[in-house]
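Novice: Pasting a structure below so you can have a look.
The values are calculated or read from the model by the stated rules, or taken from the named source; none is laboratory data. In this text the structure is predicted, and so the values were computed from the model without any measurement. Virtual Cβ from ideal backbone geometry, glycine too; neighbours counted across all protein chains shown.
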Amino acid sequence: MNDAALRPAAFLDRDGVLNVDDDYVFRPEALRLIPGAAAAVRRMNEAGFVTVVVTNQSGVARGYYSEDEMHAFNAYLAETLARDGARLDAIYACPFHPDGIVERYRADHSDRKPKPGMILRAIADLRLDPARSFLVGDKESDMQAARAAHVDGFLFEGPDLATFVEGILTARATRR
Ligand SMILES: [Mg+2]
């Protein structure tokens, strides 16, 4: 395949990057966006990055909420961002955990970060170019998953996602 046909992506962790990590959040009314989240996603949209959420959701395996509830929260997050003109192109979520109490989701799954399964799948599904892509996460496991997928990883420690993403895009523009 011609690399020019492949698109650059911005991979985004969910909890602690787009929304405040309130521990196993799943009720839509509990959603609290990270400051600058919508502006950051909008900026990446405009810069031509396919925006892809890659999120571990072991709360499903732990029995805290269902897979349907997880999908509903993700949809609500996407709608909330969209109201501010910010588009999430795809959301990959991993409901598995090796110590899960829900049998169906008890697995040491290749999707669960620090493994790169979700990122690699998105690269194949959406025809993405890892060399021109980057990932923003708030944990070392996010960075490990990015490295394993040969994608640049950036550790977000707050407070404002738009400022953080602007720094990444500026650094990449001057590197070229
Ligand atoms: Mg996180």
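Novice: Take the residues of segment 3-20 that are within 14 Å of the chain's Cα centre (by Cα), not polar (S, T, N, Q) and not in a loop (DSSP other than H, G, I, E, B): which is nearest to the ligand (Cβ to nearest atom)?
Specialist: Result: ASP15.
Novice: Regarding ARG121, is this residue in a helix (DSSP H, G or I) and basic (Lys, Arg)?
Specialist: It is true that ARG121 is in a helix (DSSP H, G or I) and basic (Lys, Arg).
Novice: Scanning for something more than 16 Å from ILE34 (Cβ to Cβ) and either among the basic types (Lys, Arg) or touching a residue at least 40 places away in the same chain (Cβ under 8 Å) (or both), does segment 152-167 turn up at least one residue?
Specialist: no
Novice: I've got another one for you. Conditions first: (1) among the hydrophobic types (A, V, I, L, M, F, W, C); (2) over 26 Å from GLU69 (Cα atoms); (3) away from the ligand (no atom under 16 Å from the Cβ). ALA146 passes all but one, so which condition is the exception?
Specialist: Just one mismatch for ALA146, condition (3).
Novice: I need a count of the residues in segment 38-78 that are farther than 19 Å from LYS113 by Cα and polar (S, T, N, Q).
Specialist: Here the count works out to 2.
Novice: Give the number of residues within segment 59-115 that are part of a loop (DSSP other than H, G, I, E, B) and hydroxyl-bearing (Ser, Thr, Tyr).
Specialist: Filtering segment 59-115 for residues part of a loop (DSSP other than H, G, I, E, B) gives 62-66, 83-89, 95-96, 98-102, 107-115.
Checking the rest, the ones that are also hydroxyl-bearing (Ser, Thr, Tyr) come to 64-66, 110.
Number of matching residues: 4.
Novice: Please verify whether segment 84-105 includes one or more residues that are among the β-branched types (Val, Ile, Thr), in contact (Cβ under 8 Å) with a residue 40 or more places away in the chain and within 17 Å of GLU29 (Cα to Cα).
Specialist: No - not one qualifying residue is present in segment 84-105.
Novice: Next question. Do we find that VAL60 is among the aliphatic types (A, V, I, L, M) and either closer than 23 Å to ARG7 by Cβ or surrounded by fewer than 19 Cβ atoms within 10 Å (Cβ to Cβ) (or both) in this structure?
Specialist: No: the conditions fail for VAL60.
Yes/no per residue for (1) polar (S, T, N, Q); (2) surrounded by 21 or more Cβ atoms within 10 Å (Cβ to Cβ):
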position: VAL50; (1), (2): no, yes
position: TYR76; (1), (2): no, no
position: THR80; (1), (2): yes, no
position: ASP84; (1), (2): no, no
position: VAL102; (1), (2): no, no
position: LEU120; (1), (2): no, no
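Novice: Give me the residue from segment 129-143 that is outside any helix (DSSP H, G or I) and buried (at least 23 other Cβ atoms within 10 Å of the Cβ) and, out of that set, farthest from the ligand (Cβ to nearest atom).
Specialist: In this case the residue turns out to be SER133.
Novice: Checking LEU77 against (1) modelled with pLDDT of 95 or more; (2) more than 30 Å from ILE101 (Cβ to Cβ), which single condition isn't satisfied?
Specialist: All conditions are met except number (2).
Novice: Shifting gears a bit: Only residues that are within 15 Å of the ligand (Cβ to nearest atom), in a strand (DSSP E or B) and hydroxyl-bearing (Ser, Thr, Tyr): list them for segment 21-58, please.
Specialist: Correct list: THR55 only.
Novice: Could you list all residues from segment 106-118 that are surrounded by fewer than 19 Cβ atoms within 10 Å (Cβ to Cβ) and either acidic (Asp, Glu) or at positive phi (or both)?
Specialist: ASP108
Novice: For ALA61, which of the numbered conditions (1) over 16 Å from ILE91 (Cα atoms); (2) within 16 Å of the ligand (Cβ to nearest atom) fails to hold?
Specialist: Against the list (1) over 16 Å from ILE91 (Cα atoms); (2) within 16 Å of the ligand (Cβ to nearest atom), ALA61 comes up short only on (2).
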